[in-house]
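K.L.:
The structure follows.
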Amino acid sequence: MTMLHNEKCCGCGACAAACPAGALSVGSDINGAYRPFADVKKCCGCGQCIRVCPCINSVFPLKDETEQEYYSVYASKDICMKSASGGAFRKIAEYVSANGGIVYGAGYNISSHDVSHREAGTDELDGICGSKYLQSYISSDIYISAGKYLENGRMVFFSGTPCQVAGLRNFLGKEYSGLLTADIICHGVSPVLYWKKFLSENTIPENISSVCFRHKADQKSAAEGYRLRIEFRDGSSYEMPAEKCPYYMAYFSGISINEACSRCKYASLERTGDITLGDYLPLDKSEIEALNAKGNSLVIINTGKGRKLFENAVMSDRTLTVRQVDMRNSVIMNHSLYKPAPEAAGAVDFRKDMRNMPFERAVRRNIAKRYDVLMFAPFYSGKAENIFRSLAVYSLLHDMGLKIAMTELPLYIHSEKPEYHYKKNAIQGLVYSHCPVLPPVYGRELCIKLSHSARMFILADEPLWEYSAEDVRHLFSHADDAVPRIALGLRISERLADCDDELRESFYDYLYQFERIFLSDEDVKEELEEVLEMETDCIPELLFLAPPEYYYSLSANDGEAIKTDVSYVWEKELYSDVYDCLDRIRSSETVVTDSYFAAVLCMLDGKNFFVTADAPERETLACLLERYGLEERILKNSSIPCITGKSVSAAADKIAESRSILLGSIKKAVMGCLE
């Protein structure tokens with residue numbers, strides 16, 4: 001049998017269920033993660049495995065225009081005690097089962113100490129309630145039986161991770177009115193191999209009678225951490241809080257999470273299920289005070305079918321406490337609703353160490369490992385140029401062989417624009433799918449802890465003074481002074497021009513913390529070098545750090561695009577379908593645009609282009625174009641002049657020539673800091 005290697009494979013098993021030749025089966029790879037294995041002699045080349053794969057073929061969007069709604073739900077104490085959160089899943093499953101439906105969910109197998117999906121009747125629902133922090137196996141029988149029930153007109157309620165729900169929907173191949181799905185807010189899964197190794201080193205597995213991953217008996221508030229409780233046949237028990245449990249330490253630090261989870265495209269507010277289930281983790285004090293001490297479910301309504309199910313199973317149940325809540329409190333601390341779990345700095349070494357040393361030793365050895373670089377960049381703004389600059393700098397550092405992580409904006413920054421922390425547009429998904437992004441932090445102590453997660457900081461394209469008067473200037477204000485730092489693409493001339501002498505001196509003191517500064521505006525270069533007694537470099541535009549081929553490679557289209565003479569690429573289109581925009585720019589002889597990023601990409605590619613007179617960043621772009629003798633590229637009216645791309649090609653050659661020099665200077669500065 002040959003393992004089908006795909007770094008994005010989630011191990012859902014839909015391919016094995018769909019294979020008509022029986023050529024595929026699901027097994028474990030060297031790290032214990034579920035993967036498909038193929039008997040190539042049986043393969044008939046039908047392509048069914050590719051069709052159903054949720055990692056290759058997304059199920060977005062659900063064919064429903066229902067606006068998402070967010071609810072906090074909790075049930076009676078006895079239901080909450082058996083549930084991971086507030087018992088919403090249990091009550092929905094009870095409703096489906098009572099109305100003749102079939103319920104599928106993940107259950108813990110006490111004999112084999114693994115987790116697998118199963119069909120559960122009314123008296124078997126306890127077994128599929130509650131969280132299990134390891135990968136669930138879904139057999140082909142589950143997919144096939146669900147399809148048969150639906151074909152016979154039965155109601156089916158399937159709960160799983162977003163990729164598993166996507167796998168089921170792709171396997172079925174069409175929408176069924178009787179299919180109801182719930183995807184969970186998934187923070188990533190760990191291979192069952194790790195769990196079994198932890199158990200064998202700390203218990204006698206065959207003597208275990210029950211396992212509870214979130215034991216709540218002593219829980220006094222919803223804010224309390226997780227507790228693992230294992231009970232044995234002789235009446236004794238093993239109980240540990242998350243901060244002292246090696247298995248939880250590995251899981252919550254991210255070192256034990258499957259490699260594919262750090263690239264998950266389903267960690268998004270575009271959900272695969274009719275409803276989404278998870279913990280309600282609000283930030284506002286008033287919301288925290290309203291929480292139930294034994295757990296609170298967050299239910300997100302994604303479709304009309306989901307709303308009807310919620311109304312029938314939850315809203316009509318008088319034993320439940322239900323409140324509609326806002327998007328901010330629902331999403332802001334549920335990071336997996338907008339980004340995948342980042343691969344921890346020690347994850348790769350942990351996977352290697354797990355093969356030849358005890359579990360706890362492997363955890364202790366790798367849990368505190370640091371990234372080489374913690375990068376700060378304003379991709380949170382959602383603006384195309386900020387996002388692509390972030391990607392360009394990340395790519396540059398990654399090509400140096402460094403371990404890099406980016407971070408969300410600290411929650412106390414930009415207090416006047418809280419939507420930066422939870423409203424994410426589609427184009428920001430490029431950052432989340434290509435770069436490890438650490439979750440946002442709140443409070444000085446957590447900022448200090450974050451500052452210790454890397455050997456150096458890089459501030460890329462960050463404006464520094466974009467915040468309100470109530471905000472602390474930046475995370476660096478709390479960072480350890482011993483951590484070296486570099487600024488790339490600093491733009492400060494306009495801000496300094498508006499400063500009084502006292503504020504200017506304060507800012508100079510702040511800049512003394514940087515070992516090297518690369519400016520994106522030359523107006524203050526001479527002044528800064530004199531005041532700081534430091535040599536500075538200039539990067540006219542951070543987008544220049546990557547060649548055009550890099551930006552085109554971000555497109556999801558691997559095939560040849562249809563060549564066109566002229567394409568119009570508008571800024572608003574970048575936010576709705578960035579892949580299509582990249583393809584059109586690449587395939588066009590001439591591009592007309594109002595987008596700063598699209599214009600710069602054309603410059604890099606030596607492609608004939610023109611910028612409309614009403615472009616949002618017209619003034620900034622005009623300065624850049626003037627630097628390269630391309631002033632005529634800004635249109636004065638709607639007519640396109642007969643100008644060839646010769647001047648653009650010359651500019652592209654000049655940019656490419658200077659790129660190698662810049663990359664050398666940046667690499668020297670970065671490596672110097674790390675040494």
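The values are calculated or read from the model by the stated rules, or taken from the named source; none is laboratory data. Just so we're clear, the structure is a prediction, and the values are computed from it rather than from any experiment. Quick reminder, even Gly has a Cβ in these numbers, built from the backbone with ideal geometry, and neighbours come from all protein chains shown. Note: accessible area is taken over every heavy atom of the protein model, side chains too, but ligands, DNA and RNA are not part of it. Shrake-Rupley method; radii C 1.70, N 1.55, O 1.52, S 1.80 Å.
K.L.:
Once the Cα gyration tensor of region 330-411 is diagonalised, what are the square roots of 5 times its eigenvalues, in whole Å and ordered largest first, as equivalent ellipsoid semi-axes?
P.N.:
They are 29, 17, 9 Å, listed from largest to smallest.
K.L.:
Something else about it: In whole angstrom, how long is each semi-axis of the equivalent ellipsoid of region 497-548, when you take the square root of 5 times every eigenvalue of its Cα gyration tensor and sort them from largest down?
P.N.:
24, 12, 10
K.L.:
Probe of 1.4 angstrom, ligands and nucleic acids ignored: what's the accessible area per residue over the chain, in square angstrom?
P.N.:
Working: 29050 Å² over 675 residues.
Per-residue accessible area for the chain comes out at 43 Å².
K.L.:
Taking all protein chains as present, what is the carbon and sulfur share of the accessible area of the chain, in % to the nearest whole number, probe 1.4 Å?
P.N.:
49
K.L.:
Related question: Quick one: which of 365-376, 211-222, 384-395 comes out on top by average Cβ neighbours within 10 Å, and what's the full order, highest first? If you can, show how the numbers build up before the last one.
P.N.:
On the way: 365-376: 20.3, 211-222: 16.8, 384-395: 24.7.
Listed from highest to lowest mean packing, they are 384-395, 365-376, 211-222.
K.L.:
Could you tell me what fraction of 2.2 N^0.38 Å the Cα radius of gyration of region 299-348 comes to, as a two-decimal ratio? Let's see the in-between values first.
P.N.:
Numbers: Rg = 16.0 Å, N = 50, 2.2 N^0.38 = 9.7 Å.
After normalising by residue count via 2.2 N^0.38 Å, the value is 1.65.
K.L.:
Let me ask another. Once you compute Rg and the Kirkwood Rh from C-alpha atoms, what is the Rg to Rh ratio for the chain?
P.N.:
Radius of gyration over Kirkwood radius for the chain works out to 0.99.
K.L.:
If the cut-off is a Cα-Cα distance under 24 Å, which lysines reach K424, setting aside same-chain residues fewer than 8 apart in sequence?
P.N.:
Counting by Cα, and skipping residues close in sequence, K424 has these lysines nearby: K8, K63, K265, K285, K339, K383, K572.
K.L.:
Return one number: the angle in degrees, 0 to 90 and rounded to the nearest 10, between the long axis of the Cα atoms of helix 501-511 and the longest principal axis of the Cα atoms of the chain.
P.N.:
60
K.L.:
A follow-up question, please. Grab the DSSP H runs of the chain that are 4 residues or longer, score each as -39,500 (n - 2.57), total them, divide by all residues and round the 222 nm result to the nearest 500 deg cm²/dmol.
P.N.:
The per-residue figure over the chain is -9500 deg cm²/dmol.
K.L.:
Next question. Roughly speaking, what is the centre-to-centre gap between region 130-180 and region 23-95 when only Cα atoms are used, to the nearest Å?
P.N.:
After rounding, the separation between the Cα centres reads 7 Å.
K.L.:
Take the eigenvalues of the Cα gyration tensor for region 101-222, scale each by 5, and report the square roots as semi-axes in whole Å, largest first. Could the numbers behind the result be given before it?
P.N.:
Values: eigenvalues 166, 49, 40 Å².
After scaling each eigenvalue by five and taking roots: 29, 16, 14 Å.
K.L.:
Under 19 Å Cα-Cα from K403, which aspartates and glutamates qualify once same-chain neighbours fewer than 8 residues away are excluded?
P.N.:
K403 reaches E7, E259, E343, D349, D353, D372, E675.
K.L.:
Then there is this: Classify region 12-59: rounded, prolate or oblate, from the alpha-carbon gyration tensor (a ≥ b ≥ c, eigenvalue square roots; a/c under 1.5 rounded; otherwise prolate if a/b is larger than b/c)?
P.N.:
Taking the square roots of the gyration eigenvalues as a ≥ b ≥ c, region 12-59 is oblate.
K.L.:
Over the Cα atoms, compute the radius of gyration (one decimal) and Dmax (the largest Cα-Cα distance, rounded to a whole number) for region 1-154, in Å.
P.N.:
In order Rg, Dmax, the Cα atoms of region 1-154 give 17.9, 55 Å.
K.L.:
Select from region 49-139 those GluC sites (Glu not before Pro) which occupy a DSSP coil region and have at most 12 other Cβ atoms within 10 Å, ordered by residue number.
P.N.:
E65, E67
K.L.:
With the calculation restricted to Cα positions, what are the radius of gyration and Dmax of region 575-658 in angstrom?
P.N.:
Rg then Dmax for region 575-658, in Å: 12.1, 34.
K.L.:
When 1/r is averaged over all different Cα pairs and the result inverted, which Kirkwood radius in Å belongs to region 150-209?
P.N.:
Final number for the Kirkwood radius of region 150-209 is 14.4 Å.
K.L.:
Any idea what % of Cα-Cα pairs in region 1-91 are farther than 15 Å?
P.N.:
69
K.L.:
Oh, and also: Peptides 584-592, 525-533, 571-579: what's the order by average Cβ count within 10 Å, highest mean first?
P.N.:
584-592, 571-579, 525-533
K.L.:
While we're looking at this one, here's another question. Normalised radius of gyration for region 162-282, please: alpha carbon Rg relative to 2.2 N^0.38 Å, two decimal places.
P.N.:
Working: Rg = 17.5 Å, N = 121, 2.2 N^0.38 = 13.6 Å.
Relative to the 2.2 N^0.38 Å estimate, region 162-282 comes out at 1.28.
K.L.:
Considering every pair of different Cα atoms, what Kirkwood radius, in Å, is found for region 177-220?
P.N.:
Details: mean 1/r = 0.0709 Å⁻¹.
Mean inverse Cα-Cα distance, inverted, gives 14.1 Å.
K.L.:
For region 221-369, rounded, prolate or oblate, judged on the Cα gyration tensor with a ≥ b ≥ c (square roots of eigenvalues), a/c < 1.5 rounded, else prolate if a/b > b/c?
P.N.:
Prolate, since a/c reaches 1.5 and a/b exceeds b/c.
K.L.:
Please grab the % of Cα pairs in region 634-675 that end up more than 15 Å from each other.
P.N.:
Values: 547 of 861 pairs.
So the portion of pairs separated by more than 15 Å is 64 percent.
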